[in-house]
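> My questions all concern the structure below.
The values are calculated or read from the model by the stated rules, or taken from the named source; none is laboratory data. Everything numeric in this text was worked out from a predicted model, so none of it was measured. Cβ placement follows ideal geometry from the backbone for every residue including glycine, while neighbour counts extend to all protein chains displayed. To get the accessible areas, we keep the full protein, side chains included, count just its heavy atoms, and leave off ligands, DNA and RNA. Shrake-Rupley method; radii C 1.70, N 1.55, O 1.52, S 1.80 Å.
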Amino acid sequence: MAAPEAELVLKWEREQALLRESVKEEDTEDWQRSPDFNGLERVGGVDLSFIKGDDINACAHLVVLTYPQMKVLYEDCKMVTLNAPYMAGFLGFREAPPLLQALENLKNVQPHLMPQVLFVDGNGLFHYREFGLACHLGVLSDLPCVGVAKNLLHVEGVVRSEEHQSQINALKKSGDSFPLTTASGRVLGKALRSSQSSIKPVYVSVGHRITLDTAVRLTHTCCLYRVPEPIRQDLRVFWGPGEVLTSPDICAFFSCL
DNA sequence: GCGACAG
DNA sequence: ATCTTGTCGC
């Protein structure tokens, strides 16, 4: 028998190729066509947080914010145990199941708060096989999804080169972006300067049911700081200062149930 | 051949 | 992913 891990990788690659066929790269919602996103009222964000030294237990976050005010409508935080290890290119198999669970839970308890679009911490089509976590979640939930990565994944010739760095240096103001073009000439994402105060871009790509240009425009409007507010709220809930009851407490509470 | 490589 | 302190500027 071949190495179990190699078998698993092959199986995962086949599954990604199959699910890739279901990704919709078009704007399927009316609000996506509107210059000011008229009709968009709820934006969501999902993320997993880890504690130092433990990479199998995590806190799965889902927040829903009002648009365009970015006020919290809903937040959920639950301790989960992950089954798959982290492997670049296969994030979906590790993180999608608990995040889908959180969406399922929202549908059961507060269906009217279901977000109209979901920001995902990681890439969408900007991926080795054009099927990153944001596509994975998009296809399996059928929600419009936007992938926002905070670091560059090296995809088909797109690397942290001097050329890439000079393109970053050319992003002068918030909203400026440049395409991430593959060796084969396909634009799989865009590097976006999302705030005036940070020169480091975020890497935006299509997850599902949205075009790249709409995804970039929407991401820009959801950024008060470098990271889009729905994702930043996820991170803040866990690590941020200020609350009387911190999120680790909340997670500890839930894990005892 | 080896290393790079979202979270 | 995870952490933490200081430091600078408005």
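> If I model a spin label at residue A:83 and residue A:30 as a point 7 Å from the Cα along the Cα→Cβ vector, what separation in nanometres do I get?
A separation of 4.0 nm, rounded to one decimal place.
> Okay, moving on. If we count every other residue with Cβ under 11 angstrom of residue A:60's Cβ, Lys/Arg +1 and Asp/Glu -1, where does the sum land?
Neighbourhood net charge equals -3.
> Rank by packing, highest mean first: peptides A:43-49, A:194-200, with packing defined as the count of other Cβ atoms within 10 Å averaged across residues.
Result, highest mean Cβ count within 10 Å first: A:43-49, A:194-200.
> To continue, here is another question. Pick out, from A:206, A:77, A:143, the residue whose Cα sits farthest towards the positive end of the charge dipole of chain A, with +1 on the Cβ of Lys and Arg and -1 on the Cβ of Asp and Glu.
Comparing the listed Cα positions along the dipole, A:206 ranks first.
> Could you tell me the relative contact order of chain A? Use alpha-carbon pairs under 8 Å, at least six residues apart, and round to a whole percent.
20
> Shifting gears a bit: Around residue A:232, with a cut-off of 11 angstrom between Cβ atoms, what is the net charge of the other residues, counting Lys and Arg +1 and Asp and Glu -1?
Details: positive: A:150, A:226, A:236; negative: A:47, A:121, A:229, A:234.
Taking every other residue near residue A:232 into account, the sum is -1.
> Turning to a different aspect of this structure: Amide H of residue A:118: which non-local residues (sequence gap of 5 or more, or other chain) have their own amide H closer than 5 Å, using H built in the peptide plane?
Placed amide hydrogens put A:44, A:145, A:146 under 5 Å from residue A:118.
> Here is a further query. So what is the 222 nm mean residue ellipticity for chain A from helices alone, if each DSSP H run of at least 4 adds -39500 (n - 2.57) and you divide by all residues, rounding to the nearest 500 deg cm²/dmol? Kindly include the intermediate steps, with their values, before the conclusion.
Working: 8 runs with 87 residues, N = 257.
That calculation yields -10000 deg cm²/dmol at 222 nm.
> Between A:39, A:158, A:60, whose Cα lies farthest towards the positive end of the dipole of chain A when Lys and Arg beta carbons carry +1 and Asp and Glu beta carbons carry -1, centred on the Cα centre?
Farthest towards the positive pole: A:158.
> Now for a different question. What order do you get for A:173-183, A:219-229 when each peptide is scored by the mean count of other beta carbon atoms within 10 Å, highest first?
A:219-229, A:173-183
> Could I ask something else about it? Tell me whether the stretch A:1-95 comes out rounded, prolate or oblate; compute the Cα gyration tensor, take square roots of the eigenvalues as a ≥ b ≥ c, and use a/c under 1.5 as the rounded threshold.
Verdict is oblate for the stretch A:1-95.
> Find the lysine pairs in chain A meeting two conditions, Cα atoms under 14 Å apart and a separation of 8 or more places or different chains, and report how many there are.
Values: A:150/A:190; A:150/A:200; A:172/A:200; A:173/A:200; A:190/A:200.
Here the count comes out as 5.
> A follow-up question, please. Checking the a/c ratio against 1.5 first, then a/b against b/c, what shape does the Cα gyration tensor give for chain A?
Cα axes put chain A in the rounded bin.
> How large is the dipole of the stretch A:30-98 about the Cα centre if only Lys and Arg carry +1 and Asp and Glu carry -1, each at its Cβ, rounded to the nearest 20 debye?
40
> What net charge is computed for the residues neighbouring residue A:33, neighbours being all others with C-beta under 14 Å from the C-beta of residue A:33, Lys and Arg scored +1, Asp and Glu -1?
Net charge around residue A:33: -4.
> Sort the following peptides by mean Cβ neighbour count (other Cβ atoms within 10 Å, averaged over residues), highest first: A:206-215, A:64-73.
Result, highest mean first: A:206-215, A:64-73.
> Next question, about the same structure. State in Å² the accessible area per residue of chain A; use a 1.4 Å probe, count heavy atoms of protein chains only, and round to the nearest integer.
49
> Evaluate the relative contact order of the stretch A:163-233 (contact order divided by residue number), counting alpha-carbon pairs under 8 angstrom at least 6 apart; express in whole percent.
Taking the mean separation of contacting Cα pairs over the length of the stretch A:163-233, I get 25 percent.
> To the nearest 20 Debye, how big is the dipole of the stretch A:28-255 about its Cα centre, given +1 on the beta carbon of each Lys and Arg and -1 on that of each Asp and Glu?
In total the dipole reaches around 500 debye.
> Among A:108, A:19, A:224, which residue has its Cα furthest toward the positive end of the charge dipole of chain A, with +1 on Lys/Arg Cβ and -1 on Asp/Glu Cβ?
A:224
> Still on this structure, please answer the following. Could you please state, rounded to a whole Å, how far the C-alpha centre of the stretch A:80-99 is from the C-alpha centre of the stretch A:28-71?
Centre-to-centre distance over Cα atoms comes out at 18 Å.
> Ok, one more. Starting from the amide H of residue A:176, placed 1.01 Å from N in the peptide plane, find each other amide H under 5 Å away whose residue is 5 or more places distant or on another chain.
The list, which skips near neighbours in sequence, is A:193.
> Give the calculated FRET efficiency between residue A:173 and residue A:150 to the nearest 0.05, with a Förster radius of 22 Å applied to their Cβ-Cβ distance.
Efficiency, rounded to the nearest 0.05: 0.65.
> Given a Förster distance of 35 Å, report the FRET efficiency between residue A:38 and residue A:197 from their Cβ-Cβ distance, rounded to the nearest 0.05.
0.80
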